[in-house]
Amino acid sequence: MDYLEKWLIFYNEAKNLALLTIAKNCSESIKQGVTKDFVYYDTIDLPKDTTAIVIFRDPYDRWISGTVEYFAYPESVSYLSTSEHGVQLNLQQWLNSEPMPWDYHTSLQSTVYNYSNLDLKPYWFCNSVLEDINKDYNCFDEILVTHQEKLRKKYKKIVRGFIDKNQKVVESKLSTLYNADYKFFNTLKFVNRNVATCL
């Protein structure tokens with residue numbers, strides 16, 4: 001499966017502070033709510049020692065969310081069948097192949113950016129993560145709360161049903177696919193990992 005990595009960085013030069021977004025990790029809420037003193041940064045190379053805020057998410061949960069997104073809103077796969085039967089066939093084909101991301105919504109979080117030479121401030125994805133970041137850095141004018149519309153709910157039911165029928169195999173595939181992510185996360189000290197709402 002060919003896909004383009006999509007990255008979106010917001011940078012505050014005065015504070016040497018950056019928000020590095022990752023798809024399915026509050027990226028739309030960050031884009032909509034970030035304060036005006038952050039500007040879109042059109043290169044992936046940030047100044048050395050930039051304080052870089054990144055939200056990371058459990059790869060299993062993110063794969064489910066990203067898979068739902070892939071079928072609910074196909075961006076570059078014009079031939080993709082989005083009927084319930086078509087989704088089931090695509091999921092079964094994925095299960096029978098070498099584990100790969102569908103697109104940038106399910107790509108590895110550990111390789112979206114080069115995190116070296118950055119003062120990385122990793123946050124764990126949870127209900128309060130944007131409030132946690134805002135409390136620490138005051139970088140949002142508003143906290144956008146997103147809701148699942150009917151289309152996403154429809155595909156989430158299909159994906160969840162498929163996982164329920166193939167749970168052990170799916171878990172094994174995802175463990176292999178995201179091994180590098182899990183290893184990378186184990187090297188990080190998350191700013192908010194001990195917050196009760198994140199556990």
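Points worth noting:
- When 115, 104 are checked against the criterion of being hydroxyl-bearing (Ser, Thr, Tyr) and over 30 Å from residue 168 (Cβ atoms), a single residue qualifies: 115.
- Selection of the stretch 62-76 for residues being in contact (Cβ under 8 Å) with a residue 24 or more places away in the chain and either within 21 Å of residue 174 (Cα to Cα) or surrounded by 15 or more Cβ atoms within 10 Å (Cβ to Cβ) (or both) yields 62, 63, 64, 65, 66, 67, 68, 69, 70, 71, 72.
- For residue 110, the requirement of being touching a helix residue (DSSP H, G or I) at 6+ places or on another chain (Cβ under 6 Å), over 25 Å from residue 43 (Cα atoms), surrounded by 12 or more Cβ atoms within 10 Å (Cβ to Cβ) and touching a residue at least 12 places away in the same chain (Cβ under 8 Å) is not met.
- From the list 133, 143, the one residue that fits, being surrounded by fewer than 19 Cβ atoms within 10 Å (Cβ to Cβ), among the β-branched types (Val, Ile, Thr) and over 21 Å from residue 70 (Cα atoms), is 143.
- Residues that are at pLDDT below 95, surrounded by 16 or more Cβ atoms within 10 Å (Cβ to Cβ) and in a strand (DSSP E or B), drawn from the stretch 13-59: 41
- Note on the stretch 149-195: among residues that are polar (S, T, N, Q) and touching a helix residue (DSSP H, G or I) at 6+ places or on another chain (Cβ under 7 Å), the one that is farthest from residue 58 (Cα to Cα) is 166.
- Filtering the stretch 120-158 to residues that are in a helix (DSSP H, G or I), touching a residue at least 40 places away in the same chain (Cβ under 8 Å) and within 27 Å of residue 186 (Cβ to Cβ) leaves 129, 130, 132, 133, 136, 137.
- Residue in the stretch 77-93 that is exposed (fewer than 14 other Cβ atoms within 10 Å of the Cβ) and under 15 Å from residue 7 (Cβ atoms) present: no
- Every residue from the stretch 70-119 that is among the hydrophobic types (A, V, I, L, M, F, W, C), over 21 Å from residue 182 (Cα atoms) and not in a helix (DSSP H, G or I): 77, 80
- Checking 188, 151, 177 one by one, the residue that is within 23 Å of residue 128 (Cβ to Cβ) and either within 16 Å of the chain's Cα centre (by Cα) or of a type in the set (A, V, I, L, M, F, W, C) (or both) is 188 and no other.
The values are calculated or read from the model by the stated rules, or taken from the named source; none is laboratory data. Model, not experiment: these values are computed from the prediction. All Cβ positions, glycine included, derive from the backbone under ideal geometry; neighbour counts span all protein chains shown.
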